[in-house]
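Read through the structure below, which is laid out as structure tokens, and then see the notes.
The values are calculated or read from the model by the stated rules, or taken from the named source; none is laboratory data. Here the structure is a predicted model, which means the values were calculated and not measured. Cβ coordinates were reconstructed from backbone atoms using ideal geometry, including for glycine residues, and neighbour counts include every protein chain displayed.
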Amino acid sequence: MEPEIGWYTLLKFGKREPVLNKMLGLKANPQSARRTPLSKNGTPGIGMLSQELFMGLLCMERKRTERSGRRFVLLLVNPGGLLHPSKSAGLRKLVSAITGSSRDTDLVGWYKEGELIGAIFTEVGSAVDKTVVQALSAKLTDSLYRVFTIEEINEIKLTFHVFPEDWDGDNQDSPVKSSLQMALARQIIRKRTSLGLKRMIDVGGSLVGLILSLPVFVIIGIAIKLTSKGPIFFRQVRLGQYGKTFTFLKFRSMYVDNNPKIHEEYVKQLIKGTAGTEQNNGNNQKLYKLTADPRITPLGRILRSTSLDELPQFLNVLVGEMSLVGPRPPVMYEYDTYDQWHKQRLLAVKPGITGLWQVHGRSRVTFEEMVRLDIRYARSWSVWLDIKILLETPAAVLSRTGAC
């Protein structure tokens, strides 16, 4: 039996292309992954990873770091004048200097084809950011001085980014975040037709839902007004796809002027997996939800257990802020408690009214299990999967399994 070969080994010994392409979902390339054009005008290859393969491995390393907490450094190199076709020899020397300053487990490739070179330095240890960057910078600078003049070196610009310390959820220019979004964008482009169908289903479904539920809207609105003081609708700022905020709508199920700290503290403990966050619904079933929330009105408990409080979200779907099917949108304080890998559930698809969590888990699963269901949906999404989830939703709602 042959020993298991890791992808670092595949890169090193040249058996990389078919296996890596399969791992990353890339199309087969008859040429070596490390032989890429210097520029679009046909200049000969310079021996490093193509942009598509490098970005795929960068995303893979990012996910590994989110799980393990072991950091890596992304180096971006702007070669300046060395990108000119007449200086291809100089660019080859630059790539040799970068690879000569790296280990076998580090990766060098195009971050942006013909413009920026990237290098991923993995497993950088527990040293502080400044120390890591200084050590890498000094080593690379020494290599550059051995092959370039001072004038040539002044044209080369180096920037270092430590992950996850340099991750900023609000920074759209973060290199590691951009690489993930670019990879997701490529996947989404391949499904453009399906996305058009998904939007058509969302618009048609939300319009039908609003028309059919109009009498229910009136009845619930009157009942809310008669049983407690306050507005009919509950409005809350939530995070949608790529962290974009929007106003989330529900029928009000709580007393006005309630203390949100009760739910905020519970959510933080739930995400951390603290013991005692599970409740019991009386049927020996564990529920990961506040089942005795004093903020909820008697009518609100009925609305929540039947999911009727969710009906106003058809308006969110109609205007394009949500989809009929997708992950549930988090509140701001929930997002602030997320680990890095939890944030993946906000990137690939729009939030939805229903989803895999609602039909296969609901409040019977832990927070991490819910996130895994959301990520699994995002990776395997299709129109047929949406239709299947929509068909399964009524049974999940009527069974009231996992509802408060």
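For residue 180, are the conditions met, namely being surrounded by 14 or more Cβ atoms within 10 Å (Cβ to Cβ) and modelled with pLDDT under 50? Even if it seems obvious, please write down each step before you answer.
Values: surrounded by 14 or more Cβ atoms within 10 Å (Cβ to Cβ): yes; modelled with pLDDT under 50: yes.
Judged against the criteria, residue 180 is a match.
Restricting to the range 61-88, name every residue that is free of Cβ contacts under 8 Å to residues at least 40 places away in the same chain and closer than 20 Å to residue 102 by Cα.
Once the filter is applied, which keeps residues that are free of Cβ contacts under 8 Å to residues at least 40 places away in the same chain and closer than 20 Å to residue 102 by Cα, the range 61-88 yields only 64.
Is it the case that some residue within the range 147-155 is over 25 Å from residue 53 (Cα atoms) and either aromatic (Phe, Trp, Tyr) or assigned to a loop (DSSP other than H, G, I, E, B) (or both)? So that I can check it myself, show each step before the final result.
Restricting attention to the range 147-155, the residues satisfying the condition of being over 25 Å from residue 53 (Cα atoms) are 147-155.
Imposing the further condition that a residue be either aromatic (Phe, Trp, Tyr) or assigned to a loop (DSSP other than H, G, I, E, B) (or both) reduces the set to 148-149.
Within the range 147-155, one or more residues are over 25 Å from residue 53 (Cα atoms) and either aromatic (Phe, Trp, Tyr) or assigned to a loop (DSSP other than H, G, I, E, B) (or both).
When only residues in the range 247-267 that are out of contact with any helix residue (DSSP H, G or I) (no Cβ under 7 Å at 6 or more places or on another chain) and within 16 Å of residue 329 (Cα to Cα) count, which is surrounded by the fewest Cβ atoms within 10 Å (Cβ to Cβ)?
Residues of the range 247-267 that are out of contact with any helix residue (DSSP H, G or I) (no Cβ under 7 Å at 6 or more places or on another chain), as a first pass: 247, 255-263, 265-266.
Pick out the ones that are also within 16 Å of residue 329 (Cα to Cα) and you get 247, 263.
Details: 247: 12, 263: 18.
Filtering the range 247-267 for residues that are out of contact with any helix residue (DSSP H, G or I) (no Cβ under 7 Å at 6 or more places or on another chain) and within 16 Å of residue 329 (Cα to Cα), the one surrounded by the fewest Cβ atoms within 10 Å (Cβ to Cβ) comes out as 247.
Mind checking which pairs have a first residue in the range 139-164 that is more than 15 Å from residue 92 (Cα to Cα) and a second that is surrounded by fewer than 15 Cβ atoms within 10 Å (Cβ to Cβ) and of a type outside the set (A, V, I, L, M), Cβ under 6 Å, 6 or more apart or different chains?
Once the first residue is more than 15 Å from residue 92 (Cα to Cα) and sits in the range 139-164, its partners that are surrounded by fewer than 15 Cβ atoms within 10 Å (Cβ to Cβ) and of a type outside the set (A, V, I, L, M) give 155/81.
Give me the residue from the range 325-350 that is more than 12 Å from the chain's Cα centre (by Cα) and buried (at least 24 other Cβ atoms within 10 Å of the Cβ) and, out of that set, nearest to residue 377 (Cα to Cα).
Going through the qualifying residues, I end up with 326.
Taking only pairs six or more apart or across chains, which ones have beta-carbon atoms under 6 Å, a first residue in the range 367-384 that is surrounded by fewer than 20 Cβ atoms within 10 Å (Cβ to Cβ), and a second residue that is polar (S, T, N, Q)?
So the pair list comes out as 375/344; 383/194.
Which count do you get for residues in the range 148-160 that are within 30 Å of residue 338 (Cα to Cα) and surrounded by 18 or more Cβ atoms within 10 Å (Cβ to Cβ)? Don't jump to the end; show me each part of the working.
Quick first cut of the range 148-160, residues within 30 Å of residue 338 (Cα to Cα) only: 159-160.
Then drop every residue that is not surrounded by 18 or more Cβ atoms within 10 Å (Cβ to Cβ), which leaves 160.
So the answer is 1.
Check off (1) within 27 Å of residue 343 (Cα to Cα); (2) exposed (fewer than 14 other Cβ atoms within 10 Å of the Cβ); (3) modelled with pLDDT of 75 or more for residue 145 and give me the number that stays unchecked.
Failed condition: (1).
Which of the residues belonging to the range 308-338 are polar (S, T, N, Q) and at pLDDT 90 or above? Show your work before the answer.
Restricting attention to the range 308-338, the residues satisfying the condition of being polar (S, T, N, Q) are 313, 316, 323, 337.
Within the range 308-338, 313, 316, 323 qualify.
With the requirement that a residue be at pLDDT 95 or above and of a type in the set (A, V, I, L, M, F, W, C), what does the range 247-267 give you?
Answer for the range 247-267, where residues must be at pLDDT 95 or above and of a type in the set (A, V, I, L, M, F, W, C): 248, 249, 251.
Quick one: would you say residue 322 is closer than 19 Å to residue 389 by Cα and either within 17 Å of the chain's Cα centre (by Cα) or assigned by TED's automatic domain parsing to the domain that holds residue 224 (or both)?
Details: closer than 19 Å to residue 389 by Cα: yes; either within 17 Å of the chain's Cα centre (by Cα) or assigned by TED's automatic domain parsing to the domain that holds residue 224 (or both): yes.
Spelling it out, residue 322 is indeed closer than 19 Å to residue 389 by Cα and either within 17 Å of the chain's Cα centre (by Cα) or assigned by TED's automatic domain parsing to the domain that holds residue 224 (or both).
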